[in-house]
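Report on the following structure.
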Amino acid sequence: MTTLRLAAAVRGPGRTGPRGRPVPLLAGAVVALVVLAAALAPLIAPHDPNAVDPLAVSLPPGAAHWLGTDDTGRDIASRLLYGARPSLLAPLAVTLAAGTIGTALAVSAAWLGGWWDRLVTAALDLVFGFPGLVLAVVGAALFGAGLPVAVATLTIAYLPYVARVVRGSALRERHLPYVAALRMLGLGGARACLRHLLPNLAPLVLVQTATAFGYTLLDTAAFSFIGLGAQPPTAEWGLMVAQGAPGLLAGRPEQALAAGGAIVLFTVACGLLGTALSQRLAGDRT
Amino acid sequence: MTAHYLLRRALGLLATLLAASLAIYGGLFLAPGDPATLLVGGGKPPNPALLAEIHRQYHLDDPFLTRYWHWLTGMLHGDAGTSLAHHDSVAHLIGSRIGTTALLIAYASTLILLVGTALGTLAGLRGGRTATAVTAATGTLMAVPTFVSAVLLIWLFAVRLGWLPAYGTGDGLADRLRHLTLPALALAASWLAYVAQVTRSAVHTEQGSEHVQTARGRGIPERLVIRRHVLRNASGPILSVAGVSVAGLIAGSSVIEQTFGLNGVGALLVQSAARQDLAVVQALALLTVTAFALVNTAVDVATAALDHRTPIGGARP
Amino acid sequence: MIPLLEFDALRVTLPGPRGTRRTVIHRVDLALAPGSAVGLVGESGSGKSLTARSVLGLLPPGARVDGDVRFDGASVPAMRPPELRALRRGGAAMVFQDPRAHINPLRTVGDFLTEALVSVRGLTRAAADARATALLDEVHVADAARRLRQRPAELSGGLLQRVMIAAALAAEPRLLLADEPTTALDVTTQAEVMAVIDEARRRHGLTLLFITHDLALAAAVCDRAAVLYAGTLAEELPAHRLATGATHPYTRALLAARPDPTVPGAKLRAIEGRPLPADEAGPGCPFAPRCARATGTCRTERPEPRPSGDGRAACHHPVPLEGSAP
């Protein structure tokens with residue numbers, strides 16, 4: 001569903017964000033901190049994230065358990081730290097795969113043209129017609145629930161957002177005089193592509209994938225939340241929100257709120273960082 | 001707006017739906033193992049007699065295109081097969097649930113269109129502090145994913161304040177709407193924020209545009225300037241994102257129905273996917289993609305009708 | 001005689017970054033007698049458009065006006081919204097440079113022409129349509145009935161500018177402000193549109209403030225010419241004396257930079273340096289950095305406008321007139 005908004009963001013007027021210098025700096029700090037916490041989870045987590053303790057079920061936050069425990073007695077803070085790993089790695093995999101495959105498709109389509117270009121364009125249009133989450137649900141129905149399937153289907157869903165933009169840019173680039181000049185020098189198509197076209201497209205690919213990352217994070221979390229992504233007992237943020245939801249009614253909202261808060265905080269920070277990055281790469285055109 | 005344009009859009013829509021249905025049906029044969037196993041649902045291999053029956057019923061031994069044609073014509077006649085997991089026809093399963101989903105989406109769409117555009121217009125016209133406040137609030141809302149806003153709304157309004165019910169569907173229209181209020185809010189929140197931001201920006205752009213200045217310079221009363229020039233001209237982009245939002249609600253409703261225990265087709269889709277009940281998933285995926293494509297096409301046509309700046313297929317004088 | 005429009009030491013500042021203020025008009029003194037036509041000439045950025053806009057109170061948000069603009073004796077900056085609307089509805093009307101940007105692209109030409117007639121003057125639709133048709137005839141737009149149903153995108157720039165003029169005339173104004181009405185058009189259309197403006201002015205006895213960067217055009221259409229440089233009125237004189245009677249070095253330089261078709265192969269003399277945006281002008285004469293006659297006084301002391309030749313010039317060292325010096 002968030003893929004839609006990404007599409008709309010490409011179409012519609014851009015949203016205005018804060019432009020001051022401290023904001024990207026703070027956002028960068030948040031992102032770095034979360035990534036560091038994920039990497040060092042085994043060192044800093046106070047407990048084993050999967051250790052059930054029947055004697056310490058649904059405890060409120062306290063000295064032993066900073067955020068309390070869930071309904072099987074697992075330490076929420078530790079699960080939050082460990083949960084950062086799949087929560088960040090899965091969308092990272094989606095973004096990297098969609099970025100790489102999308103760029104390869106786009107550049108080859110723009111470079112070769114003809115039936116290959118038409119086929120790629122038609123296929124991308126078809127994928128564009130599916131809401132990303134629905135595509136992932138169908139994938140789960142066919143291949144079974146789990147993070148690997150979620151990553152694969154979301155990668156397909158995000159292909160058009162990278163490929164469409166890159167193809168347009170590659171087409172423009174391909175018709176610039178320098179490409180013709182390179183060919184006259186006897187440079188082969190593949191080498192001209194790799195050595196000259198790709199480096200010129202790199203900033204665009206970077207911006208597209210960086211922007212998509214936040215959205216893929218929300219989509220994978222949503223997918224785990226509805227039970228089709230990460231499977232228990234894995235600690236993952238979307239799944240933690242779902243597992244914490246019953247606690248809301250029982251007066252133990254810590255798990256749902258902490259995991260939800262982590263998702264929002266990290267996405268906002270990523271979004272701000274992405275905006276700052278794209279502004280820098282685009283140069284100050286204003 | 002010409003007949004030619006409408007025809008072209010209709011044909012494009014048809015082509016998209018055909019390709020999508022082919023993809024949805026073909027997906028069945030991408031999965032490992034016997035597709036009959038998937039159609040039975042449950043992921044376990046059923047007994048050979050049942051498998052043979054499934055093969056016969058779904059024409060699984062025919063050539064692919066014949067099978068596809070059978071399936072597609074069945075869909076068009078309202079025959080979407082049988083869900084063995086539910087021991088019920090797929091058409092009946094969907095029919096009994098689609099009302100809830102339709103009401104939820106209609107409710108959320110209304111919220112988006114009314115509140116989102118009103119907030120955006122207010123911010124765009126007033127500017128200054130109002131605009132800053134609206135931009136900050138909507139910027140925050142946009143970053144909150146649907147399922148997190150659902151959790152927050154349940155916690156705040158159902159648990160802490162006890163104003164609205166958190167689960168269930170309710171009886172009678174008024175009670176159903178009461179039960180749908182939190183789900184609709186959660187579903188609409190981030191889209192509403194998005195529509196508000198685009199509206200603000202569109203209204204703001206028109207406010208500073210030269211033709212609006214001309215209208216002011218001619219002494220046209222301010223309310224007419226706002227209505228006939230600012231809002232009328234901003235309506236194109238607003239309509240366009242509102243349409244994208246409504247299309248987005250269709251996909252987002254699965255998450256919300258699941259969270260709030262609503263018995264709609266979105267929850268059915270998720271549950272069927274978890275059970276690998278393919279007959280239901282295929283039918284619902286096709287339904288969702290159709291609704292999605294219809295809304296997008298309708299919005300494109302409406303936007304073109306609102307904006308005459310680019311004559312569509314018409315001759316220039 | 002009481003002037004219909006009078007700029008009295010007009011000074012306009014706009015909000016700049018971080019609470020600073022940019023001065024976009026330093027000083028304009030100018031009076032337009034009823035029925036006269038005054039050409040306001042200057043390069044882009046000299047503040048001529050803002051000067052015209054100040055008459056209708058159409059300055060950008062946050063603009064501050066010092067000095068005064070008086071229309072028929074009433075101070076425009078002091079007007080409250082109802083008085084300002086009354087001025088815009090019937091006192092003064094404006095024709096903008098780019099009609100395509102200044103006419104709502106989504107509404108028909110008929111809507112544009114009748115909007116004010118219906119909403120402000122309370123005419124019925126039918127009466128307003130008839131009036132709009134008559135107005136289009138007056139500005140020589142053929143096939144008026146069809147044009148009323150068309151949208152701006154379907155009309156050429158020249159036609160659209162006539163529509164704008166017709167809309168201005170619909171207000172039955174006493175003053176017409178024409179802000180480079182022909183700049184966006186091609187040369188042949190320019191002449192036609194100028195003729196339409198001139199004809200309308202004579203028929204209705206309008207007072208005209210004509211803004212242009214084209215000296216020859218100003219001399220041809222107007223009674224008097226006023227030259228603006230970097231937000232300061234440099235010189236004001238009878239239009240027919242422009243070629244021979246200018247005393248301000250800037251006016252002289254402008255004239256010399258113009259190609260003279262009667263002298264083939266004559267050398268053009270570009271003005272040294274770059275034109276100064278109004279907000280970069282220092283304490284002295286804004287033209288001093290580019291002026292051959294500038295002295296120390298010019299760089300430190302802003303010249304007041306005073307009689308010079310047949311008009312007035314704001315210059316410490318005006319060029320003396322001795323017969324005909326090119």
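The values are calculated or read from the model by the stated rules, or taken from the named source; none is laboratory data. Because the structure is predicted, anything quoted here is derived from the model rather than measured. We place every Cβ from the backbone using ideal geometry, glycine too, and count neighbours over all the protein chains shown.
Looking for whichever is on the phi > 0 side of the Ramachandran plot and free of Cβ contacts under 8 Å to residues at least 12 places away in the same chain here; the options are C:D143, C:D137. Which one fits? Lay out the reasoning, then the answer.
Values: C:D137 fails: on the phi > 0 side of the Ramachandran plot.
Checking each option against the conditions leaves just C:D143.
Considering only residues in region B:242-257 that are within 12 Å of A:A222 (Cα to Cα) and within 7 Å of chain A (Cβ to nearest Cβ), the one that is modelled with the lowest pLDDT turns out to be B:A251.
Selection of helices (runs of 4 or more DSSP H) fully inside region B:99-189 by the criterion of at least 3 residues being modelled with pLDDT under 90, closer than 21 Å to A:A258 by Cα and of a type in the set (D, E) returns nothing. Return yes or no: is B:A283 more than 10 Å from chain A (Cβ to nearest Cβ), part of a helix (DSSP H, G or I), crowded, with 21+ Cβ neighbours inside 10 Å and at pLDDT 85 or above? Spelling it out, B:A283 is indeed more than 10 Å from chain A (Cβ to nearest Cβ), part of a helix (DSSP H, G or I), crowded, with 21+ Cβ neighbours inside 10 Å and at pLDDT 85 or above. Please determine whether any residue of region C:41-48 is in contact with a Leu (Cβ under 6 Å, 6 or more places away or on another chain) and assigned to a helix (DSSP H, G or I). Yes, because at least one residue in region C:41-48 is in contact with a Leu (Cβ under 6 Å, 6 or more places away or on another chain) and assigned to a helix (DSSP H, G or I).
With respect to B:I226, is the statement that it is among the hydrophobic types (A, V, I, L, M, F, W, C), within 14 Å of chain C (Cβ to nearest Cβ), within 22 Å of C:R89 (Cα to Cα) and in a helix (DSSP H, G or I) true? Yes; evaluated as a whole, the condition is true for this residue.
Per-residue answers, yes or no, for (1) out of contact with any Lys or Arg (no Cβ under 9 Å at 6 or more places or on another chain); (2) crowded, with 21+ Cβ neighbours inside 10 Å; (3) away from chain C (no Cβ under 14 Å):
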{"position": "B:L182", "(1), (2), (3)": "yes, yes, yes"}
{"position": "B:V212", "(1), (2), (3)": "yes, yes, no"}
{"position": "B:P221", "(1), (2), (3)": "no, no, no"}
{"position": "B:R232", "(1), (2), (3)": "no, no, no"}
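Just to be sure, is C:G67 touching a residue at least 60 places away in the same chain (Cβ under 8 Å), over 14 Å from the mean Cα position of the chain (by Cα) and either surrounded by fewer than 16 Cβ atoms within 10 Å (Cβ to Cβ) or at positive phi (or both)? Yes. Within region B:68-90, the residues that satisfy the criterion of being modelled with pLDDT of 85 or more, touching a helix residue (DSSP H, G or I) at 6+ places or on another chain (Cβ under 8 Å) and hydrophobic (A, V, I, L, M, F, W, C) are B:W71, B:L72, B:M75, B:V90.
Taking the criterion of being crowded, with 24+ Cβ neighbours inside 10 Å and more than 9 Å from chain B (Cβ to nearest Cβ), the residues of region C:100-113 that qualify are C:V109, C:L113.
In region A:49-70, the qualifying residues are those that are assigned to a loop (DSSP other than H, G, I, E, B) and polar (S, T, N, Q), and the one that is farthest from the chain's Cα centre (by Cα) is A:S58. With respect to the conditions (1) over 20 Å from C:A178 (Cα atoms); (2) polar (S, T, N, Q); (3) not in a strand (DSSP E or B), C:T51 falls short on a single one, namely (1).
The single condition among (1) over 24 Å from C:I211 (Cα atoms); (2) within 14 Å of chain B (Cβ to nearest Cβ); (3) at pLDDT 90 or above; (4) under 25 Å from the mean Cα position of the chain (by Cα) that C:R147 does not satisfy is (4).
Conditions tested, residue by residue: (1) among the small types (G, A, S); (2) touching a strand residue (DSSP E or B) at 6+ places or on another chain (Cβ under 8 Å); (3) touching a residue at least 12 places away in the same chain (Cβ under 8 Å); (4) assigned by TED's automatic domain parsing to the domain that holds B:V241.
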{"position": "B:T73", "(1), (2), (3), (4)": "no, no, no, no"}
{"position": "B:R97", "(1), (2), (3), (4)": "no, no, yes, yes"}
{"position": "B:I112", "(1), (2), (3), (4)": "no, no, yes, yes"}
{"position": "B:G116", "(1), (2), (3), (4)": "yes, no, yes, yes"}
{"position": "B:G128", "(1), (2), (3), (4)": "yes, no, no, yes"}
{"position": "B:F147", "(1), (2), (3), (4)": "no, no, yes, yes"}
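Scanning region A:226-252 for residues that are assigned to a helix (DSSP H, G or I), among the aliphatic types (A, V, I, L, M) and more than 7 Å from chain B (Cβ to nearest Cβ) returns A:L239, A:M240, A:A242. Within region C:66-97, the set of residues being more than 18 Å from C:V28 (Cβ to Cβ) and touching a Ser or Thr at 6+ places or on another chain (Cβ under 8 Å) comprises C:F96, C:Q97. Filtering A:L265, A:L194 for residues that are surrounded by fewer than 22 Cβ atoms within 10 Å (Cβ to Cβ) and in contact (Cβ under 8 Å) with a residue 40 or more places away in the chain leaves a single hit, A:L265.
Identify, from the list B:A305, B:A283, B:A215, the residue that is within 30 Å of C:S119 (Cβ to Cβ) and in contact (Cβ under 8 Å) with a residue 60 or more places away in the chain.
Numbers: B:A283 fails: within 30 Å of C:S119 (Cβ to Cβ); B:A215 fails: in contact (Cβ under 8 Å) with a residue 60 or more places away in the chain.
After applying the criteria, what remains is B:A305.
Quick one: how many residues across region C:276-326 are loosely packed, with under 12 Cβ neighbours inside 10 Å and hydrophobic (A, V, I, L, M, F, W, C)? Adding up the residues that qualify gives 2.
Results for (1) closer than 18 Å to C:R224 by Cα; (2) hydroxyl-bearing (S, T, Y), shown as yes or no for each residue.
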| site | (1), (2) |
| --- | --- |
| C:V28 | yes, no |
| C:L40 | yes, no |
| C:S44 | no, yes |
| C:G47 | no, no |
| C:V55 | no, no |
| C:A86 | no, no |
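Contact annotation: residue pairs with Cβ atoms under 8 Å, 6 or more positions apart or on different chains, pairing a residue in region A:119-133 that is more than 9 Å from chain B (Cβ to nearest Cβ) with a partner that is hydroxyl-bearing (S, T, Y), are A:V120/A:S108.
Among the residues of region C:83-92, those that are more than 7 Å from chain B (Cβ to nearest Cβ) and touching a strand residue (DSSP E or B) at 6+ places or on another chain (Cβ under 9 Å) comprise C:E83, C:L87, C:G91, C:A92.
Examine region A:70-89 for a residue that is surrounded by 20 or more Cβ atoms within 10 Å (Cβ to Cβ) and touching a strand residue (DSSP E or B) at 6+ places or on another chain (Cβ under 9 Å), and state whether such a residue exists.
Restricting attention to region A:70-89, the residues satisfying the condition of being surrounded by 20 or more Cβ atoms within 10 Å (Cβ to Cβ) are A:70, A:74-84, A:86-88.
Subsequent filtering for residues that are touching a strand residue (DSSP E or B) at 6+ places or on another chain (Cβ under 9 Å) retains A:75-76.
Within region A:70-89, one or more residues are surrounded by 20 or more Cβ atoms within 10 Å (Cβ to Cβ) and touching a strand residue (DSSP E or B) at 6+ places or on another chain (Cβ under 9 Å).
Condition check ((1) under 18 Å from B:V241 (Cα atoms); (2) facing another protein chain (nearest Cβ under 10 Å)) across all residues:
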{"site": "B:L104", "(1), (2)": "no, no"}
{"site": "B:S109", "(1), (2)": "yes, no"}
{"site": "B:G120", "(1), (2)": "yes, no"}
{"site": "B:V151", "(1), (2)": "no, yes"}
{"site": "B:G162", "(1), (2)": "no, no"}
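When B:G261 is tested against (1) more than 9 Å from chain A (Cβ to nearest Cβ); (2) in a helix (DSSP H, G or I); (3) surrounded by fewer than 24 Cβ atoms within 10 Å (Cβ to Cβ), exactly one condition is not met: (2).
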